[in-house]
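Everything on this sheet refers to the single structure shown next.
The values are calculated or read from the model by the stated rules, or taken from the named source; none is laboratory data. Keep in mind it's a predicted model, so treat the numbers as computed, not measured. So basically every Cβ, Gly included, is an ideal-geometry build from the backbone, and we count neighbours across all protein chains shown.
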Amino acid sequence: MGTKRHFRVWRGDSSGGEIQDFDVEVNEGEVVLDIIHRLQATQTPDLACRWNCKAGKCGSCSMEINGMPKLGCMTRMSTFEEDETVTITPLRTFPVIRDLVTDVSFNYEKARETPAFAPPEGVAPGQYRMQQVDVERSQEFRKCIECYLCQNTCHVVRDHEENKTAFSGPRFFIRAAELDMHPLDAREDRKEYAQAHQGLGYCNITKCCTEVCPEHIKITDNAIIPMKERVVDRRYDPLVWLGRKIFRRDQLDEPARVPATVSASASGGGSADSTPEVHTSGTPFTSARQGEAPPVRDDGKMDVAELALPHQGGPSPFGDDQEFPLPVEDLTYNPPSKEDPDSKEDH
């Protein structure tokens, strides 16, 4: 049998709300999300809260616990004093929908504005090759679960609603840094784009985002600061400036351009020399593939599961003629010789 603990939970919607008090049973080993579920089961069945995996990997149960942005499923009750009141409120940076559920569509809008990975010209899908050191360099940023706790705690958008239009936030700065480090990304102006269009200059590196990241990504030290340094080097280092003037055009005045001609598999059909229409207005994407809205039924609603969709997982960016996994004959792999178990030849 557990012990009774005191909780304060924000209840309301976009029109307003208030903090309500509850006494709830807490058992050993439980997390805050367990308490919310018990509240729903015993006292407030209409309490709204997002959650999916309960394993710290989906990022759905983002909330503020005693004023600190955290994941409900990763915050153990044992971290609080036995007589401590636990206050649970929704993310403050985003509009409230109901109770602990907020409208985080701002982040998805910024995701669509972020230029996608630009495939290297002349390299077909399945032929990408990277050194392990290049994989490890940006592996940290791919741990992001998009809980948006960093976006919520960033004071640039939290305290200044007018900044949201020009500021993408730390989650998308690490995306820009990841692609800037990617050896196969054909776009060359990631740093300048982050500075000019994503609001990199607004960040004054207080490291609030790093402190709340549940995946312990060093957002500030490993992504934002290096990006800022490279922007400064390109703009103000006299040797770099002189070298660009002598050897190539200044890339700061206009974004880098990638040829629009792509292979038939990349454009989804047609001849290898075909030139698909390229997005030229708004965000200067280098990929020929346009963003696609989710399929909507005649009644205006989306299908409950992707199993009901004609193409599970959505359309392939490489076209319908590309098969995954690749056929065995297209793979190049030479395993170590059985006779020499210590063989470590590079292939």
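Taking the condition under 16 Å from ASP103 (Cα atoms), surrounded by 12 or more Cβ atoms within 10 Å (Cβ to Cβ) and either touching a Ser or Thr at 6+ places or on another chain (Cβ under 9 Å) or not polar (S, T, N, Q) (or both), does CYS53 pass?
Details: under 16 Å from ASP103 (Cα atoms): no; surrounded by 12 or more Cβ atoms within 10 Å (Cβ to Cβ): yes; either touching a Ser or Thr at 6+ places or on another chain (Cβ under 9 Å) or not polar (S, T, N, Q) (or both): yes.
Spelling it out, it is not the case that CYS53 is under 16 Å from ASP103 (Cα atoms), surrounded by 12 or more Cβ atoms within 10 Å (Cβ to Cβ) and either touching a Ser or Thr at 6+ places or on another chain (Cβ under 9 Å) or not polar (S, T, N, Q) (or both).
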_I'd like to know if the range 90-105 contains one or more residues that are without any contact (Cβ under 8 Å) to a residue 40 or more places away in the chain and among the small types (Gly, Ala, Ser)._
yes
*asked:* Out of the residues in the range 3-30 meeting the condition of being under 16 Å from VAL96 (Cα atoms) and in contact with a Phe, Trp or Tyr (Cβ under 7 Å, 6 or more places away or on another chain), tell me which one is surrounded by the fewest Cβ atoms within 10 Å (Cβ to Cβ).
replied: ILE19
*asked:* Can you tell me which of (1) loosely packed, with under 12 Cβ neighbours inside 10 Å; (2) under 30 Å from ALA196 (Cβ atoms); (3) touching a residue at least 24 places away in the same chain (Cβ under 8 Å); (4) acidic (Asp, Glu) is the one GLU136 doesn't meet?
replied: (3)
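Please tell me if ARG230 is at pLDDT below 90, surrounded by fewer than 16 Cβ atoms within 10 Å (Cβ to Cβ) and not in a loop (DSSP other than H, G, I, E, B). Quick ask: steps written out before the conclusion?
Working: at pLDDT below 90: yes; surrounded by fewer than 16 Cβ atoms within 10 Å (Cβ to Cβ): no; not in a loop (DSSP other than H, G, I, E, B): yes.
No: the conditions fail for ARG230.
Of all residues in the range 1-41, which are in contact (Cβ under 8 Å) with a residue 60 or more places away in the chain and outside any strand (DSSP E or B)? Show your work before the answer.
Filtering the range 1-41 down to residues in contact (Cβ under 8 Å) with a residue 60 or more places away in the chain leaves 3, 5-14, 17, 19, 36.
Residues satisfying the conditions are SER14, ILE36.
Could you check, for the range 58-68, whether at least one of its residues is of a type in the set (D, E, K, R), modelled with pLDDT of 95 or more and touching a Leu at 6+ places or on another chain (Cβ under 7 Å)?
If we filter the range 58-68 for residues that are of a type in the set (D, E, K, R), which is where we start, we get 64.
In the following step, the residues that additionally are modelled with pLDDT of 95 or more were identified as 64.
Right, trim to touching a Leu at 6+ places or on another chain (Cβ under 7 Å) and you get 64.
Yes, there is a match, as at least one residue in the range 58-68 is of a type in the set (D, E, K, R), modelled with pLDDT of 95 or more and touching a Leu at 6+ places or on another chain (Cβ under 7 Å).
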